[in-house]
Ligand code: NDP
């Protein structure tokens, strides 16, 4: 699964699945730039961890909702590493509530952080990748983007939107050898799911055929596969990494 000196950019790389993806891509041989919004200390420690793997790392503070900042992040990455081969759109948040209790701000911020960010970074990266005649774009969707979930209409809409976007852009960019896929994780043990009570955890685990949450690394390994040459004939797909939850 060697990435042989490829250059990757991961949005929201400091924690959870994003951090595991940064480390997995670096272990595979890529130099990795990553963005973060607030976790400066974690960004610093991640740079050291990537360097310890013998790869270069670049941490960039950037709010994924801003197109201007996405363009700057791509420029910084290309200035540092001279190209951009792999883009992983990972940054995401939840602001759960039932429809009648969901306010407009919670709708807007989830759509902007989870969906508009994917448009921002994909558009900003596309020109560089088109010039190279090579690119891998991997977007983090979710099982609830496929199935919906009561109390998560904003989050589910953002993740379903990512699937439509992924399939459309896969068709647009295929002629330039840019492959675009989505990964749809189920229930992964990260800060995002840490608020669940023990009782809620058990209840969710019961809905999963494999009867357990996944570790972030289990998602990151699938991202590594899609980024590698083993997946050079896969585009426009949504790969579920959910222990069978979506079946
Ligand atoms: P975490 O909450 O653990 O981490 C989220 C990451 O996103 C952090 O690094 C955070 O940066 C970053 N981030 C959030 N908002 C912004 C922003 N505006 N700009 C830049 N970075 C931002 O989440 P997970 O690791 O659990 O989730 C990662 C992705 O996987 C998300 O897209 C999520 O929707 C998806 N997913 C997760 C599942 C799960 O069960 N955990 C299931 C299905 C999908 P900072 O630390 O600086 O705030």
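So here's what we get for this one:
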quantity: Filter result for the condition that a residue is outside any strand (DSSP E or B), buried (at least 20 other Cβ atoms within 10 Å of the Cβ), in contact (Cβ under 8 Å) with a residue 12 or more places away in the chain and on the phi < 0 side of the Ramachandran plot, over 219, 204; calculated: 219
quantity: Unique residue being more than 17 Å from the chain's Cα centre (by Cα), assigned to a helix (DSSP H, G or I) and either within 23 Å of residue 177 (Cβ to Cβ) or in contact (Cβ under 8 Å) with a residue 12 or more places away in the chain (or both) when the list is 24, 49; calculated: 49
quantity: Some residue of region 65-80 being under 26 Å from residue 244 (Cα atoms), touching a strand residue (DSSP E or B) at 6+ places or on another chain (Cβ under 9 Å) and crowded, with 16+ Cβ neighbours inside 10 Å; calculated: no
quantity: Residue list for region 85-110, restricted to those being away from the ligand (no atom under 12 Å from the Cβ) and within 16 Å of the chain's Cα centre (by Cα); calculated: 85, 86, 87
quantity: Verdict on residue 125 being in a helix (DSSP H, G or I), buried (at least 17 other Cβ atoms within 10 Å of the Cβ) and either on the phi < 0 side of the Ramachandran plot or in contact (Cβ under 8 Å) with a residue 40 or more places away in the chain (or both); calculated: yes
quantity: Residues (within 13 Å of the ligand (Cβ to nearest atom), part of a helix (DSSP H, G or I), touching a residue at least 40 places away in the same chain (Cβ under 8 Å) and out of contact with any strand residue (DSSP E or B) (no Cβ under 6 Å at 6 or more places or on another chain)) located in region 151-166; calculated: 154, 155, 157, 158, 159, 161
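This table checks each residue for (1) closer than 15 Å to residue 80 by Cα; (2) within 16 Å of the ligand (Cβ to nearest atom).
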site: 12; (1), (2): no, yes
site: 16; (1), (2): no, yes
site: 19; (1), (2): no, yes
site: 35; (1), (2): yes, yes
site: 48; (1), (2): no, no
site: 55; (1), (2): yes, no
site: 59; (1), (2): yes, yes
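The numbers here are math on the coordinates, done by the rules we state, and not lab data. Here the structure is a predicted model, which is why all the values come from computation and not from measurement. No Cβ is skipped: glycine too gets one built from the backbone with ideal geometry, and neighbour counts run over all protein chains shown.
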